[in-house]
Every structure is written in structure tokens, then in C-alpha cells.
Amino acid sequence: MSDAAARTATDSFWWPSTVTPWVRRLAVASLLTNSLLILTGGLVRLTGSGLGCPTWPRCSAESWTNTQEMGIHGIIEFGNRLLTFVLAVVAVLMFLSVMRMVRTHPKLFWLAFALGIGIPLQAVVGGITVLVGLHPLMVGVHYLISAAMISLSTLLVLNTRREGLSAVAHDQRPGQLHSSRTAVLVLGILTGLLSAVILYVGTLVTGTGVHAGDDSSARLAFDSVAITRAHAVPVYLLTFTVLAGIVLCTVKGLPTVLRNAYLIMAAIIVAQGLVGYYQYFNHVPIPAVALHMVLSAVVIWAATRVVSFSVYLAQPEHAHAAPVDLGEKNDAAAQPVG
């Protein structure tokens, strides 16, 4: 029996030894569920439901779940807490699916492991946030952990595709950059760093603004106009960086996957900027703030793609053979773009 046949015979659907469509779909599920957490967390804050469950880990001193007396705020906050269990199920399935690949695909194993650790960490930080009365700095930390989880999930999606689909591995193979390697790396890393600064300063803007998550919550003492303008500075810098990336890819004829990543990033920046200016000039209406938060998750996804493609393509050329499954061509066409 050949090695491939022996591997197929011993493989399990739940914990395969190669990157199967199941593994890739779980990676996408990880990304979607972690992104959904930002949306539900935003709804908690924007509806003033942050203390709908006034304690933690119980919803109240007498009950693990919300009660009728807590009203809609209790339902919203408890619903947000329940999402953690959905994330945990996806994380466990994801880890099981790569458990046998610790030697053959160590990157996938450790990304799945990090996501699994991040879920209880996020739950504990969320609990502390409730116990300190939704202090804006803790709310910011809570959000930034979610941002890191989205970034890790995006890397998981990208790497399951590279290591499971030979067509993707070929398009994104290292060694395609020559004289432009340094420029690609610098612009890619700048994109990641500026995006991180934007997210952090954004939490300060939120902590200063009117949507506290609960009417009794404290706010940061920044001047709201000054902190909003400070938030705009790294946005402008990121815009110039992304435009530079697009020009570099076009002039130097760099791989299409990198150029497209920059183009997507540019479109999202424009959309996020339009929403940001709308909410600034219209006294931060709730629907606009909710959309702004959803787009922040998309920014994280897009920025992570730019950084990942830049670093990966800039590596020296080396032999890279991805496992190929029989239905790869059809499956590749059906998979979401990472």
C-alpha cells in the first residue's frame, strides 16, 4: 500500500492528517464567529445593555441566565455571552481537525491552539469588564482581544488554503519578488502597524463618546473633537501607505494576489471613512456606529491579508508542495477568498 493510500485509510473526518475541505471550512467558521462577536458586542454597547447581566460569571447573584425582570437588556447581554459557547465549539473542532498535523503543518496547529486559548481569555476579560462597571479602558481591551482573534482566524484561513490547495500555493509561492522585496515588506508591515494604531485610538474615541454600554458607565476625559482628530491621523497615513502599495504592485508587476489585497484594503478604508465622517457630523447615530464597528472587523481581515501576503511572498524561493485532494479544483472554486 502506498503512503498516500495508507494515510487515507487511517484518516478520520474529524481529525485528518492532511488539510481537507473540512479543515478549511472550520477556519472560515472561526473567522466568521469571531467577527460576529464584534457585532454582538457592539449591539450590547449601543443598546445600553452592558450591565444587562450585572455580575459575572452568573448573570445575576441568583441566576446563571437572564430573568424576565432584566428585560431586553438582559436578553441582549446574555445572548452575547452565549456566543462564547459557539466560538468554543468551533475552536474545539478546529483544534481537533489539525491535532494530527503538529509536525506536518505546525503553523496550523499553533494558530488553532492560540484561538482556543483566546476564547477563555476573552470571556474572563469580559467578566472583569462587567465587574469594573464597564470602565472604557477595559472595554477597549475586550475589543482589542477580539481584533487579535479575527487576525489569527484570518491567518488560519489563509494558511489552510495555502497548505491544502496547490493552485493557491502556486499563486502565493515565495520567491516571486526580487528587487521589490524590501519595499513590499516595509509597506506590508506599515499597513499592519497603522491598522493596529487606528484600532487602539478608536477604542479611546469610543471610551470618550456617548455610547458607553450603560448610562452609569464612566467615560474617558479626552476632548471628543481632539481625540477624533487624533484618530484620523493614522487613517490618513494608512491611506497613503495603501495607495503606495497599489502603485508599487502596478508599476513593478507584482503578484495579482498582493495587488488585489491592497485594492480591497483601499475600498474598505474609503467605506469606513465615509461612515466615520457621517457619524461625526450627525452626532454618532446608533446605526452608523454599528456599521462602523462591523467595518472595523473587515479592516482587520483586510489588513491581515496584506501583511500575510507581503511577508509570505517576500520569503526566499523554496520548494513548496501542498497536499492535493481529488476534488481540489471544484473545492477551490467553492471556497471563500481568504
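The values are calculated or read from the model by the stated rules, or taken from the named source; none is laboratory data. What you are looking at is a predicted structure, and each value in this text was computed from that prediction instead of being measured. Here the Cβ is made from the backbone with ideal geometry for all residues, glycine too, and neighbour counts use every protein chain on show.
Observations on the structure shown:
- Enumerated helices (runs of 4 or more DSSP H) restricted to the range 88-207, each holding at least 1 residues that are in contact with a strand residue (DSSP E or B) (Cβ under 9 Å, 6 or more places away or on another chain): none
- Odd one out for Val184, checked against (1) on the phi > 0 side of the Ramachandran plot; (2) crowded, with 22+ Cβ neighbours inside 10 Å: (1)
- Of all residues making up the range 260-276, the number that are surrounded by fewer than 17 Cβ atoms within 10 Å (Cβ to Cβ) and within 16 Å of the chain's Cα centre (by Cα): 0
- Residue within the range 71-89 that is of a type in the set (Gly, Ala, Ser), at pLDDT 95 or above and either crowded, with 19+ Cβ neighbours inside 10 Å or in contact with a Lys or Arg (Cβ under 6 Å, 6 or more places away or on another chain) (or both) present: no
- Pairs where the first residue, in the range 252-276, is touching a residue at least 12 places away in the same chain (Cβ under 8 Å) and the second is outside any helix (DSSP H, G or I) and of a type outside the set (Asp, Glu), C-beta under 6 Å, 6+ apart: Lys252/Ser180; Pro255/Gln176; Val257/Gln172
- Every residue from the range 67-109 that is charged (D, E, K, R) and out of contact with any Leu (no Cβ under 9 Å at 6 or more places or on another chain): Glu69, Arg81, Arg100, Arg103
- Cβ pairs under 9 Å, 6+ apart, first in the range 30-49 and assigned by TED's automatic domain parsing to the domain that holds Val141, second of a type in the set (Asp, Glu) and modelled with pLDDT under 80: Arg45/Asp214; Gly48/Asp214; Gly48/Asp215; Ser49/Asp214
- Within the range 216-239, being out of contact with any Ser or Thr (no Cβ under 7 Å at 6 or more places or on another chain), over 13 Å from Leu194 (Cβ atoms) and small (Gly, Ala, Ser) holds for Ser216, Ser217, Ala218, Ala221, Ala226, Ala230.
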